[in-house]
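The values are calculated or read from the model by the stated rules, or taken from the named source; none is laboratory data. Please read these numbers as outputs of a predicted model, since none were measured by experiment. Cβ: placed from backbone, ideal geometry, glycine included. Neighbour counts: every protein chain shown. Heads up: the accessible areas ignore ligands, DNA and RNA and are worked out on the full protein's heavy atoms, side chains in. Shrake-Rupley method; radii C 1.70, N 1.55, O 1.52, S 1.80 Å.
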Amino acid sequence: MAERTRKFPARLDAPPGSTSADGSGPAGAALEQRSADLEGKHEKHAVAASLGVRVRNQRKQLGLTLDEFAARSGVSRAMISKVERSEKSPTLSVLVRLAAGLNLTLSSLLGSQPDKSEVSIIRMKDRVIFRDPESGFERHALSQIDADNGVEILMHRIPAGQSSGVLPVYSIPTEKYVIVQEGELVVHLNDQDRLLGPGDTIHFEITTPYTFSNPGKMDCTYYVMLVRRPK
């Protein structure tokens with residue numbers, strides 16, 4: 001008589017189509033996604049917490065009240081308070097205003113440190129990266145802060161259909177050199193839109209507020225060289 005065998009599910013309470021013993025299947029994929037989402041939330045909270053501490057410490061070091069800082073930066077007192085308490089992750093345009101109100105470069109406010117080494121290397125894993133919580137705009141610092149030459153190199157990435165938001169004028173004369181690597185970029189400057197494609201470049205001095213936006217259907221990646229010229 002042939003021996004009969006019975007097949008048991010990997011888990012007795014597992015519904016049809018759920019994860020198998022090796023973790024595959026829809027339920028396994030969902031579990032991995034939930035884990036990734038939780039990790040992302042923890043990372044965002046850590047970034048917001050460290051940023052809040054830096055904003056509060058620098059404000060107090062300058063002897064500014066919340067109201068005085070709001071007046072200097074053009075950011076509301078309520079928003080500043082939420083950022084300092086790590087209750088709110090600021091957008092890029094808000095962050096730029098906070099940095100200007102604290103007499104800091106944006107990279108300094110985000111945690112970049114100066115490096116006086118003759119040869120300076122930044123590994124990809126060590127980049128200081130800011131992600132706008134609303135638009136998904138990314139700002140990657142590719143160079144060390146150098147107060148002597150006032151030059152900084154960045155990489156920006158804008159998702160399709162998104163923008164940087166309106167960016168303010170810097171407190172010191174600043175020029176921007178931009179080269180598009182992929183996608184489409186619109187630079188709104190002096191009430192005019194200038195459309196750039198892969199390989200196109202643009203240079204301008206920042207004398208009025210401006211905006212970078214991506215009108216295309218794919219991410220736009222471009223490189224920026226900031227040149228600050230102290231008065």
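Can you pull out every residue in region 178-195 that is free of Cβ contacts under 8 Å to residues at least 24 places away in the same chain, touching a strand residue (DSSP E or B) at 6+ places or on another chain (Cβ under 6 Å) and of a type outside the set (D, E, K, R)?
Step one: list which residues in region 178-195 are free of Cβ contacts under 8 Å to residues at least 24 places away in the same chain, which gives 189-195.
Okay, now just the ones that are also touching a strand residue (DSSP E or B) at 6+ places or on another chain (Cβ under 6 Å), so 189, 193-195.
Passing the criteria: 189, 195.
Which residue pairs have Cβ atoms under 6 Å apart, sit 6 or more places apart or on different chains, and have a first residue in region 148-177 that is within 22 Å of residue 72 (Cα to Cα) and touching a residue at least 60 places away in the same chain (Cβ under 8 Å) and a second that is surrounded by 19 or more Cβ atoms within 10 Å (Cβ to Cβ) and among the aromatic types (Phe, Trp, Tyr)?
164/137; 164/212
For the structure I just gave you, tell me whether residue 206 is more than 20 Å from residue 111 (Cβ to Cβ), aliphatic (A, V, I, L, M), in contact (Cβ under 8 Å) with a residue 24 or more places away in the chain and surrounded by 15 or more Cβ atoms within 10 Å (Cβ to Cβ).
Numbers: more than 20 Å from residue 111 (Cβ to Cβ): yes; aliphatic (A, V, I, L, M): yes; in contact (Cβ under 8 Å) with a residue 24 or more places away in the chain: yes; surrounded by 15 or more Cβ atoms within 10 Å (Cβ to Cβ): yes.
The answer is yes for residue 206.
Taking region 103-116 as the region of interest, how many residues are assigned to a loop (DSSP other than H, G, I, E, B) and either within 18 Å of residue 134 (Cβ to Cβ) or not hydrophobic (A, V, I, L, M, F, W, C) (or both)? If you could, list the steps in order and put the result at the bottom.
The initial filter retains those residues of region 103-116 that are assigned to a loop (DSSP other than H, G, I, E, B), namely 103-105, 111-113, 115-116.
Going one step further and asking which of them are either within 18 Å of residue 134 (Cβ to Cβ) or not hydrophobic (A, V, I, L, M, F, W, C) (or both), we end up with 103, 105, 111-113, 115-116.
Summing the residues that are assigned to a loop (DSSP other than H, G, I, E, B) and either within 18 Å of residue 134 (Cβ to Cβ) or not hydrophobic (A, V, I, L, M, F, W, C) (or both) in region 103-116 gives 7.
Could you figure out which of (1) within 20 Å of residue 97 (Cβ to Cβ); (2) open to solvent by less than 60 Å² (accessible area, probe 1.4 Å); (3) aliphatic (A, V, I, L, M) isn't true of residue 180?
Failed condition: (1).
For residues in region 125-137 being open to solvent by 30 Å² or more (accessible area, probe 1.4 Å) and in a strand (DSSP E or B), which is farthest from residue 159 (Cα to Cα)?
Here the answer is 128.
Which residue, of 89, 108, is free of Cβ contacts under 8 Å to residues at least 40 places away in the same chain, open to solvent by 20 Å² or more (accessible area, probe 1.4 Å) and within 14 Å of the chain's Cα centre (by Cα)?
It is 108.
Restricting to region 69-86, name every residue that is outside any helix (DSSP H, G or I), hydroxyl-bearing (Ser, Thr, Tyr) and surrounded by fewer than 17 Cβ atoms within 10 Å (Cβ to Cβ).
Scanning region 69-86 gives a single hit, 76.
What are the pairs, 6+ residues apart or on separate chains, where a residue within region 120-145 that is within 18 Å of residue 226 (Cα to Cα) has its Cβ under 7 Å from a residue that is part of a loop (DSSP other than H, G, I, E, B) and charged (D, E, K, R)?
So the pair list comes out as 140/127; 141/127; 144/115.
Suppose we keep only residues that are outside any strand (DSSP E or B) and at pLDDT below 95 within region 214-231. Which one would you say is farthest from the chain's Cα centre (by Cα)?
Only one residue fits best here, namely 231.
Look through region 148-170, keep the residues that are of a type in the set (D, E, K, R) and not in a loop (DSSP other than H, G, I, E, B), and return whichever of them is least open to solvent (accessible area, probe 1.4 Å).
152
Would you confirm, using the coordinates I've provided, whether residue 211 is open to solvent by less than 10 Å² (accessible area, probe 1.4 Å), β-branched (Val, Ile, Thr), in a strand (DSSP E or B) and over 22 Å from residue 113 (Cα atoms)?
Taking the combined requirement at face value, the residue does not satisfy it.
Any idea which of (1) open to solvent by 10 Å² or more (accessible area, probe 1.4 Å); (2) touching a helix residue (DSSP H, G or I) at 6+ places or on another chain (Cβ under 8 Å); (3) part of a loop (DSSP other than H, G, I, E, B) is the one residue 100 doesn't satisfy?
In the conditions (1) open to solvent by 10 Å² or more (accessible area, probe 1.4 Å); (2) touching a helix residue (DSSP H, G or I) at 6+ places or on another chain (Cβ under 8 Å); (3) part of a loop (DSSP other than H, G, I, E, B), residue 100 misses (3) alone.
Which residues, counting only those in region 214-228, are open to solvent by 10 Å² or more (accessible area, probe 1.4 Å) and in contact with an Asp or Glu (Cβ under 7 Å, 6 or more places away or on another chain)?
Of region 214-228, the ones open to solvent by 10 Å² or more (accessible area, probe 1.4 Å) are 215-219, 223, 225, 227-228.
Result: 215, 216, 227.
Report whether or not residue 48 is at pLDDT 95 or above, in a helix (DSSP H, G or I) and surrounded by 15 or more Cβ atoms within 10 Å (Cβ to Cβ).
Answer is no for this residue.
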